[in-house]
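So the structure is just underneath, and the comments pick up after that.
Just so it is clear, none of the values below were taken in a lab; they were calculated from the coordinates. Just so we're clear, the structure is a prediction, and the values are computed from it rather than from any experiment. Cβ: placed from backbone, ideal geometry, glycine included. Neighbour counts: every protein chain shown.
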Amino acid sequence: MAESAGGVAVVTGAGSGIGAAVAVALLERGWRVVLAGRREGALRDTAARAGDRAGAALAVPADVTDPDSVAALFGAARDAYGRVDLLVNNAGVFGTPTPVEDLGVDEWRSVLDTNLTGAFLCAREAFRTMRAQDPRGGRIINNGSLSAHTPRPRTAAYTASKHALTGLTKSLALEGRAYGIACGQIDVGNAATDMTGAFTTGTLQADGSVKAEPVMDVRHVADAVAYMAGLPPEANVPFLTVLATAMPSFIGRG
């Protein structure tokens, strides 16, 4: 186990996938972690994966699209631990792959509400907490995506949300300077999770073909986030990309 970081982290979407892996990695490195997500049972399962560090986890059911729920989440973190040193904005949905001409407004809003507005609401509460605490400051890490740079076919809502998240990351980094709040973004390509399960059997490519794509262990993403989180306050990684080496749809003309 790594040396204790001694900080308090809030991780959204912590019940599965990247969020669960990140939460466990932080717990293993000595963080106290507030696990946020819609399903309390899944959050408790994530905590149990940390073994003897499970007691350093607090499961808080929360809906990142609801301002009152987000405020209650950060209130629970402050009540339990007195402060918040790290927010990992991970909660997100992919949506149903749909040609743009058939994309419904409700589907569009659902994806944007979770991926973008949810990240904003959590960041806003993090700012309020980190500005007021003593010592002041902290760090926010947003889960972007390779779709923050390059779209997949039929993913207009998801791609738009992730491009916008990059703008939010930059704005948070700029405004956070005055308060010792660093903000960075990790852009992930093909980590093996439930969301990417279909990639290994075949997914739509830009040329219209359907091809299987390689994936990587989600632990590599968690380790990268833990690295970003463990930096001293005077250092920041604004953007970091981690992807399966041979995936076809980011570098080159895939």
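Gaussian network model of the chain, Cα springs within a sub-10 Å range: biggest mean-square fluctuation belongs to which of Ser110, Ser145, Ser161? Most flexible of the set in this elastic network: Ser110. GNM remark for the chain: springs join alpha carbons under 10 Å apart, and the peak mean-square fluctuation among Arg219, Arg38, Arg109 falls on Arg109. The overall shape of segment 5-138 is oblate: from the C-alpha gyration tensor, with semi-axes ordered a ≥ b ≥ c, the ratio a/c is 1.5 or greater and a/b is no larger than b/c. Per residue, the convex hull around the alpha carbon atoms of the chain comes to 120 Å³. With the simple spin-label model, which puts each label point 7 Å out from Cα in the Cβ direction, the Asp134 to Thr98 separation comes to 5.1 nm. Under 19 Å from a point 7 Å along the Cα-to-Cβ line of Arg124: which residues of segment 141-160 have their amide N that close? Taking a point 7 Å out along Cα→Cβ of Arg124, the residues of segment 141-160 whose backbone N falls under 19 Å are 141-143. Taking the square roots of five times each eigenvalue of the Cα gyration tensor of segment 171-215, the equivalent ellipsoid has semi-axes of 37, 12, 6 Å, listed largest first. Protection proxy ranking, highest mean first, for peptides 184-192, 130-138: 184-192, 130-138, where packing is the per-residue count of other beta-carbon atoms within 10 Å, averaged. Using alpha carbon centroids, what distance separates segment 71-127 and segment 185-254, in Å? Rounded to whole Å, the Cα centres lie 20 Å apart. For a label point 7 Å from the Cα of Ala246 along Cα→C-beta, name the residues of segment 155-196 whose backbone N is under 20 Å from it. Of the residues in segment 155-196, 189-193, 196 have backbone N under 20 Å from the label point off Ala246. Between helix 67-81 and the chain there is an angle of about 40 degrees, using the helix long axis and the longest principal axis of the Cα atoms. Comparing Val34, Val105, Val215 in a Gaussian network model of the chain (Cα springs below 10 Å), the most mobile by mean-square fluctuation is Val105.
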